[in-house]
1. Quick check on my filter: what residues within the stretch 23-74 are surrounded by 12 or more Cβ atoms within 10 Å (Cβ to Cβ), in contact (Cβ under 8 Å) with a residue 12 or more places away in the chain and not in a helix (DSSP H, G or I)?
2. Report, by residue number, each residue of the stretch 116-164 that is in a helix (DSSP H, G or I) and either at positive phi or of a type in the set (Lys, Arg) (or both).
3. Looking only at the stretch 185-213, how many residues end up being under 11 Å from the mean Cα position of the chain (by Cα) and either outside the structural domain of LEU167 (by TED's automatic domain parsing) or crowded, with 19+ Cβ neighbours inside 10 Å (or both)?
4. Is it true that some residue in the stretch 89-107 is in a strand (DSSP E or B) and within 16 Å of SER143 (Cβ to Cβ)?
5. Could you tell me how many of the residues in the stretch 75-105 are surrounded by fewer than 20 Cβ atoms within 10 Å (Cβ to Cβ), of a type in the set (Val, Ile, Thr) and in the same structural domain as ARG190 (by TED's automatic domain parsing)?
6. Please go through (1) among the polar types (S, T, N, Q); (2) on the phi > 0 side of the Ramachandran plot; (3) in contact with a Phe, Trp or Tyr (Cβ under 8 Å, 6 or more places away or on another chain) for SER82 and return the number of the only condition it doesn't satisfy.
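The values are calculated or read from the model by the stated rules, or taken from the named source; none is laboratory data. All values derive from a computational prediction rather than experimental measurement. No Cβ is skipped: glycine too gets one built from the backbone with ideal geometry, and neighbour counts run over all protein chains shown.
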Amino acid sequence: MKKLLLILSLLLLDLSICAQQKENKVFFSEALSMHLPKYKSNSEKAYSRRDYKEATRLFDSLVDYGLNGSYMNDFQFNQLNSKEISLSDFKKPTYFITYASWCITTEGEIPAINELANKYNDKIDFVILFWDDQKTTKKMAKSYNKNIKVLYVNELNNKDGHVVSQLKHSLGLPTTFLLDRDKKILDIRRGVTHALNKSFEESFDLNYNSIYDGIANHLLGDKIYNTNQETVAIN
């Protein structure tokens, strides 16, 4: 009898801990509501002064102290065949980029992510979300290999403005979210920018190193991986 009571007590304790953990889970939308207004106000002032260093610091601070650790909402998107898919349908750690066709990529960006997706698709889901219509997204998808899932949301037809306001209009484009299996945000990053006079090789190296850094430090979850193992070249 005492043994049974002990087992029941431990079971109730586990249930209580699980319930507390669920209650303490903060979603991305909630974290944005708490921290975005102050960030926007301060960043607009920094950009108006052309203080880009301060603007970058403010973004990093928002990510590090306001958004990292929150859980991405289970947003729904459209696949290229128009069928809906949810973020929770991706079961691996996820390298998730929000994009638009009018964003101009640096020359080496797409080749770099294609190569990394080829290497790590067994461990990571690579997902690119375009804010475009189906026709435009299908055209853009041709640049990415089969190991990258290309999705879209047509803002004109989207019935859930929540998705648009949270993922498109909050942090700008392009933005990369590094998510663990439970869709907890481990980091949020902006894309690589560089001078136009960079060669393809230089552009590829910069993008490859930046993307791999995020993958190695946040998504692989294995101590044998480190940025020194795969660094191509940092110019």
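1. LYS25, VAL26, PHE27, ASN68, GLY69, SER70, TYR71, MET72, ASN73
2. Correct list: LYS119, LYS135, LYS138, LYS139.
3. Here the count works out to 3.
4. Within the stretch 89-107, one or more residues are in a strand (DSSP E or B) and within 16 Å of SER143 (Cβ to Cβ).
5. 2
6. (3)
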